[in-house]
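Chemist: Sharing a structure below in structure tokens format, with a few things to ask.
The values are calculated or read from the model by the stated rules, or taken from the named source; none is laboratory data. Predicted model only: the values in this text are computed from it and were never measured. When we count neighbours, we look across all protein chains shown, and the Cβ atoms used for this are built from the backbone with ideal geometry, even at glycine. Protein only, heavy atoms only, side chains kept; ligands, DNA and RNA dropped before computing areas. Shrake-Rupley method; radii C 1.70, N 1.55, O 1.52, S 1.80 Å.
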Amino acid sequence: MRRGQQIRQRRPPTAASHPMRPLSTTATSAAAAHQPRHGWRRRCAAGAAVAAALLAAALFLALARVATVVPPAPAATTTTSSYRSRGSRGPTLVDLTLVRGAVEKGAVCLDGTPPGYHFLPGFGEGSDKWLVYLDGGSWCRNVTWCAQRKNTDLGSSDYMERRVAFIGILSDDESHNPDFYNWNKVRVRYCDGASFAGNVDEEVKVCMNGTSFFFRGQRIWEAVMGELLSKGLANSKQALLTGCSAGGLTTYIHCDDFRALLPKETTVKCLADGGFFLDVKDISGQRFMRNFYTDVVQLQDLRKRFPLCSSYLEPGQCFFPRELLKGITTPMFILNSAYDAWQVEHALSPEGTDPQNLWHDCRLDITKCSSKQLEILQGLRKALLEAISEFKNKRDWGMFINSCFIHCQSTENVTWHSPSAARINNKTVAEAVGDWFFNRRDVKEIDDCEYPCNPTCYNLVLDHPFPEE
């Protein structure tokens, strides 16, 4: 999820809100889900059609984008700065660092600018422990939507905020983040459009207007990790890779890669928040997410990235966590809502599948869902529980699956660890993750009942649908 979405929370009414900017996908009709898919080689798209599509995407972005795009700013720092307050305080602000030498390595964002991250050094007993968080922000399935992202922080470091607040799992306040507050913490920005997985050598061009793209997420991953290793990650005693939404999917993709970077004696684990996307039929009977992922995989030539994925599967199926998890050996924690708000909107009822707009209110507020719509949502919960069932008995793995209407839960203080946070067996998400990471107990926390059974749920009430970006 990404910050900036205007959100009202149903519970508690008095809680302060730090709105989360949602992970998003493209606004496509049911027909668009089956549009021709692009190969990976350098290509020239049909001029007039692409130009019109790019204009439409730009107009849509201007109308739909909730988070204000940060205009190009002076060059980011190459040294780390942070601004901590003490005592009763607000969140710590952390500057953006651009990766040195990234352009020379070809490790660049969609527009060719260098990638970036925010680094907050640890202190005390956390000085030799590291938490690396991977941003979310959906994916781009074709050149039209990649062009839309290119002039935002999702495709260019020129538009990334130069200073961000570290909250939730990134907080350095013990009251909000009891187990990881004093660790070295990194927030890696997302600007490649394919969960840090693409590695296309050639620059992709659209002939008519000269628009070009770089699909280099894998190289960004390698460049960022290389720089962090030199800053002390290589000597860490304990390390946690995590991410939200599309960053949660990235966590599944790169979990074992992260483990391989560090000494065998280092304790390494991974936490994926809101990243267990499901290959389910939408309300029209189509598989929107499978078609969407197939476009992403083909555009950035990702099939080679997943050699263990069965050849009989469609390309997009290899991008789903259920397939990715089959090859992961590093201890993993699956954090997901059984009624994931983003998936309700985009996997179950994507635009174009609801011409009469019957799902509008249900997408925004689960209490507005009809009994028939709730029955479909219960099917989403069953699909998630069935998909994760084969991983429940894996030793050293953990789970926290609640029956709340929400997406990411580690990115905000109020949902990660607070008096208002959702609980299972009287444990917040932060407490459950800490118990799992430090082996204090076996953690397989799953609400064994359907919505609205959990009275502690922190359910989203959206003012408008998640923006398409």
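Chemist: Which semi-axes, in whole Å and largest first, does the equivalent ellipsoid of the stretch 251-385 have when worked out from the alpha carbon gyration tensor as the square roots of 5 times its eigenvalues?
Modeler: Working from the Cα gyration tensor, I get semi-axes of 31, 19, 11 Å.
Chemist: Of the cross-linked pairs Lys129/Lys382; Lys129/Lys394; Lys185/Lys444; Lys237/Lys392, which ones have a Cα-Cα span greater than 32 Å in the structure shown?
Modeler: Among Lys129/Lys382; Lys129/Lys394; Lys185/Lys444; Lys237/Lys392, the Cα-Cα distance tops 32 Å for Lys129/Lys382.
Chemist: Suppose a student asked you for the relative contact order of the stretch 91-239, using Cα pairs under 8 Å spaced at least 6 residues apart; what percent would you report?
Modeler: The normalised contact order for the stretch 91-239 reaches 34 percent.
Chemist: Next up: Please report, in whole Å, how far the alpha carbons of the stretch 317-369 spread along each principal axis, starting with the longest.
Modeler: Per principal axis, max minus min of the Cα coordinates gives 45, 23, 9 Å.
Chemist: With a probe of 1.4 Å, find how much accessible area the stretch 170-263 has per residue, and write the answer as a whole number in Å².
Modeler: 26 Å²
Chemist: If you don't mind, there's one more thing I want to ask. So which chymotrypsin sites (Phe, Trp or Tyr not before Pro) in the stretch 311-344 are both in a DSSP loop and have at most 16 other Cβ atoms within 10 Å of their Cβ?
Modeler: Listed in order of number, the matching sites are Tyr312.
Chemist: Which whole-number percent is the relative contact order of the stretch 276-382 (Cα, under 8 Å, 6+ apart)?
Modeler: Value for the stretch 276-382: 31 percent.
Chemist: Report the relative contact order of the stretch 307-440, percent, no decimals, based on alpha-carbon pairs under 8 angstrom and at least 6 residues apart.
Modeler: Relative contact order for the stretch 307-440 comes out at 30 percent.
Chemist: Which aspartates and glutamates have a Cα less than 16 Å from the Cα of Lys105, not counting those fewer than 8 places away in the same chain?
Modeler: Output for Lys105: Asp192, Asp201, Glu202, Glu203, Glu222, Glu227.
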